[in-house]
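J.: Just passing along the structure, written as structure tokens.
Computed from the coordinates by the stated procedures, all read-outs in this text should not be read as laboratory data. Quick caveat, the model's predicted, so the values are computed rather than measured. Quick reminder, even Gly has a Cβ in these numbers, built from the backbone with ideal geometry, and neighbours come from all protein chains shown.
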């Protein structure tokens, strides 16, 4: 089973690479190169804050776009092109197929994020001429971004298992946007009363808490990130992804392939 | 043990969003395929052939009924290791080369790395793609993709091979090659279950055929018996008009085209007709059996279905 999932994951990764999905890294590098002269005109302290904010936000945006738009086509493209038929006519379970696809895209995003992070650290070294202990803290923010991508891929897979690619993209994007405001919604639920409180609270737990995964501003200002938050976020992202992937498997396992 | 046993497969599709309608894809299909035989699944477009194959491959789920492949439940994943499938007009990952694609499918079928390395080049040679192993599939013609499709279907040396319209869209040379390939699989003792609407292919390849129309099974039979049942008339062509009048006592319709005359006679009267031509000094051009083709049987079954 592991070998089959691994083969599907590797094929998904290879497809993403050959479809030039990773070309966004080039755009990222160009963005850093283009913004460097502007940042150079600002004082050293602010320069670092801006570089961290700009780079991590770019990693986040590129990653979320790939997670959603590649994620929604992971299964639908295979059904539409009927490339799935020779796969599922072999001793491959539908759950294995979904898991392999998920892991393949996750691997693509890990490579993408690692490459961008290397680019970011290079840019920072060129600009600051040195690394400090606080720079290592930024890796936590990068790790949280990866967790965010894992959650978004799960959502994209879940929606694409029962909906059209266009609607899946809309749903996944909506969930992503709502997820970034999850903390506000929870705060609102805390203050509300009656059915309103119940409704707001339910929605706030249903949507992914992506706000908790965004520590870009904090790391850019050298603020401390606790080990407890790292643990909580890791567990939360893994559980949330597991639930969405299981949902996708459950729906896909009952689906007729047209 | 039977290679394939379909026990009452039914498939109903629900169409429409607001006003849902039921569309019957397959009506209670019962079918048995013996091991080692080439079984043709005939029917016009929309007859339910692909639906049956998709049901057997677990790509869609039956509304009712079940099946056994090599004695086991058709949903059992272990069964799939012994089954090969070529979908209709196959499309593969076009970013891959045939070597990469077959390696991927081989892994999914549970083949070890040494097995894949040994089998894939040989198989590519067998399907006529020996020099194309490292070319991306996006550069392949339809005929070449069909060859890749056949290669992936037999890569893991399955006991039963399902082929959905394997000759569809191929030129005469391609069709001939696929036909030869199917015959070679038969010689290896594999069971082949293939759907087609090209009757000459079915007649040349199949031991038995089933005719499907409107989602319903119309008939099953041994090809040699079906064709001999309808046999019994011969077409005669000769040169020389002297035999024309006396021949009309043996055959009702005689068609004259220039110096040539053509007619058909019943098998019982064939010898008399040949003797007559000899006595009239006519030059015999050809004697050929007519009718009795699978096409007759097929059209007869479709006709019954329409009545």
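J.: Report, to the nearest 10°, how far helix B:270-279 tilts away from the longest principal axis of the Cα atoms in chain B, using its own Cα long axis and a range of 0 to 90°.
T.: Long axis of B:270-279 versus the principal axis of chain B: about 40 degrees.
J.: How are the Cα pair distances of region A:183-258 distributed, in percent, across 5 Å bins from 0?
T.: Result, from short to long distances: 3, 13, 15, 15, 16, 15, 11, 6, 3, 2, 0 percent.
J.: Could you work out how far helix A:2-18 tilts from the main Cα principal axis of chain A, as a 0 to 90 degree angle to the nearest 10?
T.: For helix A:2-18, the angle is close to 60 degrees.
J.: Can you give the three extents of the C-alpha atoms in chain B along their principal axes, from longest to shortest, in whole Å?
T.: Principal extents (Cα only, largest first): 74, 51, 42 Å.
J.: Find how many whole Å separate the alpha carbon centroid of region A:138-173 from the alpha carbon centroid of region A:48-117.
T.: Between the Cα centres of region A:48-117 and region A:138-173 lies a distance of 9 Å.
J.: On average, how many beta carbons from a partner chain sit within 10 Å of the beta carbon of a residue in B:99-110? Before the final figure, lay out each step's value.
T.: Numbers: counts 0, 2, 3, 0, 2, 7, 7, 2, 8, 15, 6, 5.
Neighbouring Cβ atoms belonging to other protein chains average 5 per residue here.
J.: So how far apart, in nm, are the two label points at residue A:162 and residue A:253 if each is 7 Å from Cα heading toward Cβ?
T.: Going from the residue A:162 label point to the residue A:253 one covers 1.5 nm.
J.: Now for a different question. What is the helix-to-structure angle for A:133-160, meaning the angle in degrees between its Cα long axis and the longest Cα principal axis of chain A, kept from 0 to 90 and rounded to the nearest 10?
T.: 20
J.: Rounded to the nearest Å, what's the spacing between the alpha carbon centres of region B:164-214 and region B:92-123? Just the number, please.
T.: That distance is 25 Å.
J.: Let me ask another. Across the residues of B:209-217, average count of Cβ atoms on other protein chains within 10 Å? Present the calculation step by step, with values, prior to reporting the outcome.
T.: Values: counts 0, 0, 0, 0, 0, 0, 0, 0, 0.
Average per residue, whole number: 0.
J.: How compact is region B:1-139 by the rule of thumb for globular proteins, expressed as Cα Rg over 2.2 N^0.38 Å?
T.: On the way: Rg = 18.3 Å, N = 139, 2.2 N^0.38 = 14.3 Å.
It is 1.27.
J.: What do the square roots of 5 times the Cα gyration tensor eigenvalues come to for the protein assembly as shown, in whole Å, largest first, as semi-axes of the equivalent ellipsoid?
T.: Details: eigenvalues 868, 137, 78 Å².
Semi-axis lengths for the protein assembly as shown are 66, 26, 20 Å.
J.: Next up: Under 10 °C and 1.306 mPa s, how fast does region B:102-175 diffuse according to Stokes-Einstein, given a Kirkwood radius computed over C-alpha pairs? Answer in µm²/s, whole number.
T.: Values: Rh = 13.0 Å.
Taking Rh from Cα pairs, D becomes 122 µm²/s.
J.: For region B:262-281 and region B:43-81, compute the distance between their C-alpha centroids and round to whole Å.
T.: Here the two parts' Cα centres lie 52 Å apart.
J.: Peptide B:76-83: average number of partner chain Cβ atoms within 10 Å per residue? Kindly include the intermediate steps, with their values, before the conclusion.
T.: Details: counts 1, 6, 1, 1, 6, 2, 1, 3.
What the average comes to for B:76-83 is 3.
J.: Would you kindly calculate the translational diffusion coefficient of region A:54-143, applying Stokes-Einstein with the Kirkwood radius from alpha carbon pairs, for 20 °C and a viscosity of 1.002 mPa s, and quote it in µm² s⁻¹ without decimals?
T.: Working: Rh = 15.5 Å.
Result for D is 138 µm²/s.
J.: Also, I was wondering about something else. Kindly list the residues of region A:201-226 that lie in the label zone of residue A:136, defined by a backbone N under 18 Å from the point 7 Å along the Cα-to-C-beta vector.
T.: From region A:201-226, the list is A:219-226.
J.: For the protein assembly as shown, what proportion of DSSP beta bridges, expressed in % and rounded to the nearest 5, is antiparallel?
T.: The antiparallel fraction comes to roughly 70 percent.
J.: If R₀ is 22 angstrom, what is the calculated FRET efficiency for the pair residue A:234 and residue A:18, using the beta carbon separation as r and rounding to 0.05?
T.: Details: r = 31 Å, r/R0 = 1.43.
So, using R0 = 22 Å, E works out to roughly 0.10.
J.: Which of the three applies to region A:76-207, rounded, prolate or oblate, going by the alpha-carbon gyration tensor with a ≥ b ≥ c and a/c under 1.5 meaning rounded? Don't skip to the answer; put the middle values down first.
T.: Details: a/c = 2.82, a/b = 1.09, b/c = 2.58.
Because a/c hits 1.5 or more and a/b fails to exceed b/c, region A:76-207 counts as oblate.
J.: Between residue B:113 and residue B:24, take the C-beta separation as r, use R0 = 56 Å, and let me know the FRET efficiency to the nearest 0.05.
T.: Values: r = 46 Å, r/R0 = 0.83.
For residue B:113 and residue B:24, the calculated efficiency is 0.75.
J.: Let me ask something additional. I'd like the Kirkwood hydrodynamic radius of region B:232-290, using the inverse of the mean 1/r over distinct C-alpha pairs, in Å.
T.: On the way: mean 1/r = 0.0913 Å⁻¹.
About 11.0 Å, per the Kirkwood formula over Cα pairs.
J.: Once Rh is set to the Kirkwood radius over Cα pairs, what Stokes-Einstein translational diffusion coefficient, in µm²/s, holds for region B:1-60 at a temperature of 37 °C and a viscosity of 0.692 mPa s? It would help to have the intermediate numbers written out before the result.
T.: Working: Rh = 13.0 Å.
Taking Rh from Cα pairs, D becomes 252 µm²/s.
J.: In whole angstrom, how long is each semi-axis of the equivalent ellipsoid of chain A, when you take the square root of 5 times every eigenvalue of its Cα gyration tensor and sort them from largest down? Before the final figure, lay out the partial values.
T.: Values: eigenvalues 224, 125, 44 Å².
Taking √(5λ) for each Cα gyration eigenvalue gives 33, 25, 15 Å.
J.: Using a Förster radius of 22 Å, what is the FRET efficiency between residue A:114 and residue B:94 based on their Cβ-Cβ separation? Nearest 0.05, please.
T.: Numbers: r = 28 Å, r/R0 = 1.27.
With a Förster radius of 22 Å, E is 0.20.
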